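The values are calculated or read from the model by the stated rules, or taken from the named source; none is laboratory data. These numbers were taken from a predicted model, which means no experiment stands behind them. Backbone-built Cβ (ideal geometry, glycine too); neighbour counts: all protein chains shown.
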Amino acid sequence: MRTIASCVEEILLIQPFLEEALSRNIINFSALAEELQRPVSVMLHKSVKSGAIMMALRRYNPPKDLGSSLKLRRVLQNLGDITVRSNLSDFTFQNSRTLVDSHVKVLEQVGARTNIFYAFTRGIHESTIIISSSEKKTIVDGFKNETQLGLQENLSAISIILPENNSKITGLYYQIFKRLAWEGIALYEVVSTTNEFTILVEDFLVDKAFAVIKKLKS
C-alpha cells in the first residue's frame with residue numbers, strides 16, 4: 001500500500017539532483033513540500049497536505065553523499081591522462097548475419113593504424129562504429145551491404161585513464177555524469193573499457209566538457 005513517505009521516496013529516487021540537495025541540507029523543506037503536493041496527491045489519488053509531505057521529507061534518510069567518500073575522492077584525484085580527439089564520425093548499423101564479416105574487412109584496413117580513433121560497440125539490435133572522419137569512406141565501402149541506421153559527424157572524444165580497481169568504487173561514473181549534466185553537456189556516446197572511459201560530444205561542447213573533467217581531479 002502506498003504511503004506519503006513511499007511516494008516522496010519514489011519521486012526523490014528518480015531525481016538524483018534533488019535527492020543530493022536534500023542530503024546536503026541546502027533545500028527549503030517547506031518550499032519542496034509545496035512543490036510535491038500535487039504529484040503526491042495524484043499518486044495517492046487523494047488530497048495530501050503539504051505539512052504531511054514536509055514531515056516525510058524530514059524523515060527521509062538519503063544515501064550517504066557519494067561525493068564525500070574518501071576512496072572516491074582519491075580515485076578522482078588520481079585520474080590519469082585526459083586525451084581529446086576531434087573530427088570523429090559515429091555510424092550506426094542494424095545487426096545482421098554479415099555484419100561481423102563487414103567489420104573484419106574494415107579492421108584489416110584500419111587495425112594497424114595507431115594514428116586514428118576507432119571504437120566498435122555491438123548491442124542487441126544495432127552496432128555503432130566511432131572512427132576518425134578521415135576514414136569515413138572505409139566504413140561506407142566496408143559496410144555497403146549493411147543497413148545504416150544513422151550517421152553523426154562533427155564529434156569529439158574525451159578519453160580518461162582510470163586508476164586500477166576503479167570498478168570497485170561506488171559512484172565514480174555518477175560523479176562524472178553529474179558534473180557534465182550540471183553544466184548542460186549532452187553526451188552523444190559513452191564507451192568504456194576496464195581502465196579507460198571515453199565520452200563523445202558534439203564539437204562545440206568539447207572545450208566545456210574537457211574543463212569539467214579536468215576539474216574532477218582538483
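Values as computed for the structure displayed
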{"item": "Sole residue being in contact with a strand residue (DSSP E or B) (Cβ under 8 Å, 6 or more places away or on another chain), in contact (Cβ under 8 Å) with a residue 12 or more places away in the chain and on the phi > 0 side of the Ramachandran plot, chosen from ASN95, ASN87", "result": "ASN87"}
{"item": "Test: residue in the range 83-98 that is part of a loop (DSSP other than H, G, I, E, B), hydroxyl-bearing (Ser, Thr, Tyr) and surrounded by fewer than 17 Cβ atoms within 10 Å (Cβ to Cβ)", "result": "yes"}
{"item": "So SER102, is it at pLDDT 85 or above, in the same structural domain as ILE160 (by TED's automatic domain parsing) and either over 30 Å from GLN148 (Cα atoms) or in a helix (DSSP H, G or I) (or both)", "result": "yes"}
{"item": "Single match in SER23, SER30, SER50, SER41 (criterion: hydroxyl-bearing (Ser, Thr, Tyr), closer than 21 Å to LYS178 by Cβ and outside the structural domain of ARG179 (by TED's automatic domain parsing))", "result": "SER23"}
{"item": "Any hit, the range 44-52, residues being hydroxyl-bearing (Ser, Thr, Tyr), in contact (Cβ under 8 Å) with a residue 40 or more places away in the chain and in a helix (DSSP H, G or I)", "result": "no"}
{"item": "Check on LEU180, of a type outside the set (Gly, Ala, Ser), within 20 Å of GLY123 (Cα to Cα) and modelled with pLDDT of 90 or more", "result": "no"}
{"item": "Filter result for ILE161 (among the β-branched types (Val, Ile, Thr) and surrounded by 13 or more Cβ atoms within 10 Å (Cβ to Cβ))", "result": "yes"}
{"item": "Among (1) over 22 Å from LEU187 (Cα atoms); (2) in contact with a His (Cβ under 7 Å, 6 or more places away or on another chain), the one test that LEU99 misses", "result": "(2)"}
{"item": "Residue match in the range 108-120 (condition: touching a His at 6+ places or on another chain (Cβ under 9 Å) and on the phi < 0 side of the Ramachandran plot)", "result": "yes"}
{"item": "Helices (runs of 4 or more DSSP H) contained entirely in the range 105-218, each with at least 1 residues that are within 15 Å of the chain's Cα centre (by Cα) and within 25 Å of VAL75 (Cβ to Cβ)", "result": "172-182, 206-216"}
